[in-house]
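Heads up, the thing below is written out as structure tokens.
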Amino acid sequence: MLKLKTPKTHRAKREIEKRAPKFVENGKKTLILHGTKTSGVLNTVLTQIYHLKRDNAVKYTKKNENIRPFESGGETSLEFFSLKTDCSLFVFGSHSKKRPNNLVLGRMFDHHIYDLVEVGVENFRPIESFEYDKKLTPRIGSKPFFAFVGEGFESVEELKHLKEVLLDLFRGEVVENLNLAGIDRVFVCTALSSSTVFLTHCALRLKRSGTAIPRMELVEVGPSMDLVVRRHRLPNDSLKKEAMKTTSGQPKKKIKNVSSDVLQGKMGKIYIPDQKVGGITLSSDVKGLKRERREAKKRKVGIENEAKKRKTAAD
């Protein structure tokens, strides 16, 4: 197991903060690994997947004997490498007589195996075998389009699962807006049967169409291969529910002196400074004072009149 230590330097603290959960997560990194035995075709496949994702991928070339996906105890080393490199996607290649040119694509949640898809690689064509104008070569880090052709991606469970994993593997960082002029690549996935998918990488050429929307042409730049689904493992319901949790919006800032209650609703506190009434100067021409003088004069006149009446009655 990886021993966790408390960071002692500012640089280490910054690295820990980068890996901490965030409201908007960073782009997913991909870990590329080799099994105990690999073929020449599989080595080329892993290298070219790394070439397509080299801006956000980590590739290990050393053979790993302890990694055996789909087997109990064979995923510990894989989870260790995921935690060490902070990768949430992985591609594991192995070759055997029973499963030749075998690729395992998987996703991680909290650095533990989330789901797995095992495919076999057939009819592989590397990038070097395609002839095209080099000016059309897609730029590193550009956002791709995806085209999924065939009803199998909506009806067959294995192909639906493979579609989700491929989208996560190649889409890069999630963004809200895209500049159409900056999109220069397309991944085309065609369902040939209920277990076989043809995957190819194409460059996108934009041409004038006489309207605001340009005409698009696809130029195959490679690599291309047939992916035959062999095994797959979906996450259990509790793990899927935990991984799919999202927040409704931006976290609300705490408002000072405002609280909420179930019964009374929203409540607030108002702080009023002490009022120094004794120091306020009052002028003699205030309307309120004039009224008081008039009322006092009326009372005085009334008292004098009553006194006169009593004196007259006594005489």
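The values are calculated or read from the model by the stated rules, or taken from the named source; none is laboratory data. Here the structure is a predicted model, which is why all the values come from computation and not from measurement. Please note: Cβ atoms are built from the backbone with ideal geometry, for glycine as well, and neighbour counts cover all protein chains shown. Please note that ligands, DNA and RNA were not included when accessible areas were found on the heavy atoms of the full protein model with its side chains. Shrake-Rupley method; radii C 1.70, N 1.55, O 1.52, S 1.80 Å.
What to note about this one:
- Estimated distance in nm for a label pair at Gln275 and Asp110, the labels positioned 7 Å out from Cα along Cα-to-Cβ: 5.7 nm
- Most to least packed among 296-307, 163-174 [average Cβ atoms within 10 Å]: 163-174, 296-307
- Entry for volume of the Cα convex hull per residue in Å³ (calculated from the structure that is shown) out of (i) 387; (ii) 397; (iii) 144: (i)
- Accessible surface of the chain, 1.4 Å probe, proportion on carbon and sulfur as whole %: 53 percent
- Summing +1 for each Lys or Arg and -1 for each Asp or Glu among the other residues whose beta-carbon sits under 13 angstrom from that of Ser195 gives -2.
- For the cross-link pairs Lys160/Lys240; Lys13/Lys84; Lys29/Lys240; Lys160/Lys207, the ones whose C-alpha atoms lie over 22 Å apart are Lys160/Lys207.
- A Förster radius of 22 Å combined with the Cβ-Cβ distance from Glu220 to Lys160 puts the calculated FRET efficiency at roughly 0.30.
- Efficiency of FRET from Cβ geometry, Asp133 and Thr76, R₀ 51 Å, rounded to 0.05: 0.60
- The slack between Lys241 and Lys84, meaning 0.36 nm per residue of separation minus the straight C-alpha distance, is 54.0 nm.
- Surface analysis of region 187-253 yields an accessible area of 66 Å² per residue, using protein heavy atoms and a 1.4 Å probe.
- Segment Ala12..Arg208, full-extension length gain: 65.4 nm, with 0.36 nm per residue of separation and the alpha-carbon distance subtracted.
- The chain: calculated mean residue ellipticity at 222 nm from DSSP helix runs of at least 4, using -39500 (n - 2.57): -8500 deg cm²/dmol
- Between region 167-186 and region 37-92, the Cα center-to-center distance that results, in Å: 24 Å
- Net dipole in debye of the chain [+1 Lys, Arg Cβ; -1 Asp, Glu Cβ; about Cα centre; nearest 20]: 2840 debye
- Potential extension, Leu192-Ser260 segment - 0.36 nm per residue separation minus Cα distance: 18.6 nm
- Charge sum, other residues only, whose C-beta stays under 9 Å from Phe153's C-beta, Lys/Arg counted +1 and Asp/Glu -1: 0
- Ranked by the mean number of other Cβ atoms within 10 Å per residue, highest first, peptides 258-265, 100-107 order as 100-107, 258-265.
- With the highest mean first, a sort of the peptides 200-208, 56-64 on other beta-carbon atoms found within 10 angstrom per residue produces 200-208, 56-64.
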